[in-house]
Amino acid sequence: MAPGLYLPNEFFIGEGSTDVDEVSTGLELSHSAMAFYPYTYLPTLDNNSTSSCFLSSSDSPKKTCKRLKRMPSSDESIGSNNSLCSNSTVNSNGMNRTESYTSLTSLPRLQFRDHVWTLNQRFLAAEAMEEAAAAMMRRDDEDRDEEVNEDGIKLVHILFSCAEAVACRDRSHASTLLSELRTNAKIFGTSFQRVSSCFVQGLADRLQLVQPLGAVGIVAAAEYSMTYTEKKEEALSLVYEICPHIQFGHFVANASILEAFEGESFVHVVDLGMTLGLRHGHQWRTLIDSLANRAGELPRRLRITGVGHSVVRLRTIGDELEDYARSLGINFEFSVVESNLENLKKEDFKLYEGEVLVVNSILQLHCVVKESRGALNSVLQIIHELSPKVLVLVEQDSSHNGPFFLGRFMEALHYYSAIFDSLDAMLPKYDTKRAKIEQFYFAEEIKNIVSCEGPARIERHEKVDQWRRRMSRAGFQPVPIKMISQAKQWLEKIKVCEGYTIVEEKGCLVLGWTSKPIVAASCWKC
C-alpha cells in the first residue's frame, strides 16, 4: 500500500470493506476532494529509496511544522560504509547530522510512518479541496463571484471539519459546527448552500446514531411517514419530468431492447425494480409505441415481468399497459414477481421456449452492492441463469461506496453539487418544484450515503469501471452501445438547458453536467 494513500482508522466510522475493489476505490478517493490543511510541503517515504530525510536545523519553538530536507543518496555520499556522511555537520543544537539521523530513526517505525502518512493524506486533501471548491464555486452568478466564492470555500471548510468531527465521534465539536452550518447552508440560497443543507442533515443524522434515540423521535418519525412518502412520490415524478437522468436511461435501454428484438416474434422484458416507483410505466409505453410504429411485422407477443414489492401498484400499471398495447394491436402479457432483488430465484420467472429475453435495470443494482460481493453476485448469477440476450444496466456514475467515510463524503459532495447546479440552470430560484426535487429526492440519497452504514446504506453508487469489473467477474461480456449520434439528437429534442452532455466511454454512454459524469448506461450479454 502506498504511504501517501493511507487513512488511519479514526477517519471513518462503521465496518470496513471486505471487497478488494471497494478498498481500492476508497483509496483512490483520497485524492479526490477533502479540506485545506496547512502543510505546504510533505514528501512521502519510499521504502526502496536510499535517500534520508532530515528535519531542518531551526530550533525555534514557535515553528510547529518544519521543512524536511533530502540528504544525498548513497552514490553521492563520501566516506566509509559505516558513516552516513564523512563531513558531519553540526546543527544549531550542537548535534551533527549523523546524530540527528540516528535520533530520528530511533523513533518507533510504525509510529513515525503513521504520523507521516496522516499528514501526507491531509496535504493531498488540500490540493483536491482547492480544485473541488473552485469547481463548485465558479458556476455561481458572475455579479457575485468574489463574495460567493469566499462564502462557498468557507462553507466547504466547515463542512469537512464537521464531517471529520463526526467521523471521530467528537460530539461537542461536531454540534458546534452543525449549528454554524445550519445558519449558512440555506435551502433557498445558492446551489452550493442548498446542497450543503442536505449534507448537514446527513451529518446530524449520523451524529445522532452514536447516541441513544429517545421514544419521542421514533414516534414523530412514524406519524410523519405517510405524508413523507407522498412527498417523495411527487418529487420522483418531478425528477422524471424535469431532469434528464431517468429519461436518458429509458432512452438508451429502449433503443438497446428494440435492437435485441429485431425480427423476433416472441419477446419478453424482465424489469428489475419496476418503473422505479413511478406511478405509470413511462418506459414501457414508449417501447410499445416504438414496436407498433417501426417497419415490419409486429411481435406476436410482448411480455413484461415486473419485480417489486408493491403488487397492487404494479398490477395497476400492468393493466394500463395492456389496454394501451391492445389499442395499438399488440398482444401483451404482464406478470409480477413479488420479491426484492436479493431474494430472487430463477423459478420466480415464467420463461417460454423460443422467447427472446432482455433484462432491464434502471438505477437498481447498486442497492444490492454490499461490503462483500455476495449479494450482488447472487443476483447476477440468477440473471445469468435466465440467459438474456441483453442486460441493460443504467447506474449513477460516481464513487459513493468506498470504505472510508470522509472519501465518500467528499465524492458525494462533488457529485451532488453538479446536480444542484444543473437544477439552478433549469428552474428559478424560488421554484417550489426545485425545492421538492432537492429536499425529497436527492436529499434522501445524500442522507443515506452520509448517515448510514451496513445494510441500511443502500445508495452505493459506483463508477462505470467498477461495474465493468463486477460484471466481468459474474460472467457477462460487454456489448458496445453504438448510438452516440442518436443520443445527442435525443438530448437536443427534449430541450433541457445547455450544460448537459452525452459522451461515449469504452462502449458505454455517459450523461454528464459540464463534464461531470452523472449517469452511465451499459449493455451486457452472457
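The values are calculated or read from the model by the stated rules, or taken from the named source; none is laboratory data. Quick caveat, the model's predicted, so the values are computed rather than measured. Quick reminder, even Gly has a Cβ in these numbers, built from the backbone with ideal geometry, and neighbours come from all protein chains shown. Accessible surface areas use protein heavy atoms only, side chains included; no ligands, DNA or RNA. Shrake-Rupley method; radii C 1.70, N 1.55, O 1.52, S 1.80 Å.
Would you point out which residue out of Arg285, Arg279 is in contact with a helix residue (DSSP H, G or I) (Cβ under 9 Å, 6 or more places away or on another chain), over 20 Å from Ile458 (Cβ atoms), in a loop (DSSP other than H, G, I, E, B) and open to solvent by 70 Å² or more (accessible area, probe 1.4 Å)?
Arg279
Counting just the residues of segment 228-259 that are out of contact with any helix residue (DSSP H, G or I) (no Cβ under 7 Å at 6 or more places or on another chain) and either in a strand (DSSP E or B) or farther than 25 Å from Ile494 by Cα (or both), which one comes out least open to solvent (accessible area, probe 1.4 Å)?
Restricting to residues being out of contact with any helix residue (DSSP H, G or I) (no Cβ under 7 Å at 6 or more places or on another chain) and either in a strand (DSSP E or B) or farther than 25 Å from Ile494 by Cα (or both), the top hit is Tyr228.
Looking only at helices (runs of 4 or more DSSP H) that fall completely inside segment 400-488, which ones have 2 or more residues that are under 16 Å from the mean Cα position of the chain (by Cα) and of a type outside the set (Asp, Glu)?
405-426, 443-451, 464-473
Among (1) closer than 17 Å to Ser422 by Cβ; (2) open to solvent by 40 Å² or more (accessible area, probe 1.4 Å), where does Trp513 come up short?
It is condition (2) that Trp513 fails.
Which of the residues belonging to segment 260-276 are in a strand (DSSP E or B) and among the charged types (D, E, K, R)?
Answer for segment 260-276, where residues must be in a strand (DSSP E or B) and among the charged types (D, E, K, R): just Asp271.
Got at least one residue in segment 479-489 being open to solvent by less than 40 Å² (accessible area, probe 1.4 Å) and not aliphatic (A, V, I, L, M)?
no
Kindly establish whether Tyr430 is in contact with a Phe, Trp or Tyr (Cβ under 7 Å, 6 or more places away or on another chain) and exposed (fewer than 15 other Cβ atoms within 10 Å of the Cβ).
The answer is yes for Tyr430.
Could you tell me whether any residue of segment 456-464 is surrounded by fewer than 16 Cβ atoms within 10 Å (Cβ to Cβ) and on the phi > 0 side of the Ramachandran plot?
No: zero hits.
Being among the β-branched types (Val, Ile, Thr) and buried (at least 21 other Cβ atoms within 10 Å of the Cβ) is the filter; apply it to segment 154-189 and report the residue that is farthest from Ala435 (Cα to Cα).
Val166
Report, by residue number, each residue of segment 241-268 that is in contact with a Phe, Trp or Tyr (Cβ under 9 Å, 6 or more places away or on another chain) and modelled with pLDDT under 95.
Those that are in contact with a Phe, Trp or Tyr (Cβ under 9 Å, 6 or more places away or on another chain) and modelled with pLDDT under 95: none in segment 241-268.
Within segment 400-422, track down each residue that is of a type in the set (S, T, N, Q) and in contact with a strand residue (DSSP E or B) (Cβ under 6 Å, 6 or more places away or on another chain).
The answer is Asn401, Ser422.
Applying the selection to segment 349-381, what residues are among the small types (Gly, Ala, Ser) and either surrounded by fewer than 18 Cβ atoms within 10 Å (Cβ to Cβ) or on the phi > 0 side of the Ramachandran plot (or both)?
Gly354, Ser372, Gly374, Ala375, Ser378 - these are the residues of segment 349-381 that are among the small types (Gly, Ala, Ser) and either surrounded by fewer than 18 Cβ atoms within 10 Å (Cβ to Cβ) or on the phi > 0 side of the Ramachandran plot (or both).
Give the residues of segment 327-347 that are polar (S, T, N, Q), open to solvent by 80 Å² or more (accessible area, probe 1.4 Å) and touching a His at 6+ places or on another chain (Cβ under 8 Å), sorted by residue number.
Selection gives nothing.
Exactly one condition in (1) more than 20 Å from Leu511 (Cβ to Cβ); (2) part of a helix (DSSP H, G or I) is false for Lys350; which is it?
Lys350 satisfies every listed condition except (2).
Can you say whether Ala412 is modelled with pLDDT of 95 or more, open to solvent by less than 30 Å² (accessible area, probe 1.4 Å), in contact with a Lys or Arg (Cβ under 6 Å, 6 or more places away or on another chain) and under 30 Å from Val156 (Cα atoms), as far as the supplied structure shows?
It is false that Ala412 is modelled with pLDDT of 95 or more, open to solvent by less than 30 Å² (accessible area, probe 1.4 Å), in contact with a Lys or Arg (Cβ under 6 Å, 6 or more places away or on another chain) and under 30 Å from Val156 (Cα atoms).
Output the number of the condition that Glu504 fails; it satisfies all remaining conditions of (1) crowded, with 18+ Cβ neighbours inside 10 Å; (2) assigned to a strand (DSSP E or B); (3) among the charged types (D, E, K, R).
Answer for Glu504: the failing condition is (1).
Can you tell me how many residues within segment 288-326 are surrounded by 18 or more Cβ atoms within 10 Å (Cβ to Cβ) and part of a strand (DSSP E or B)?
So the count comes out to 7.
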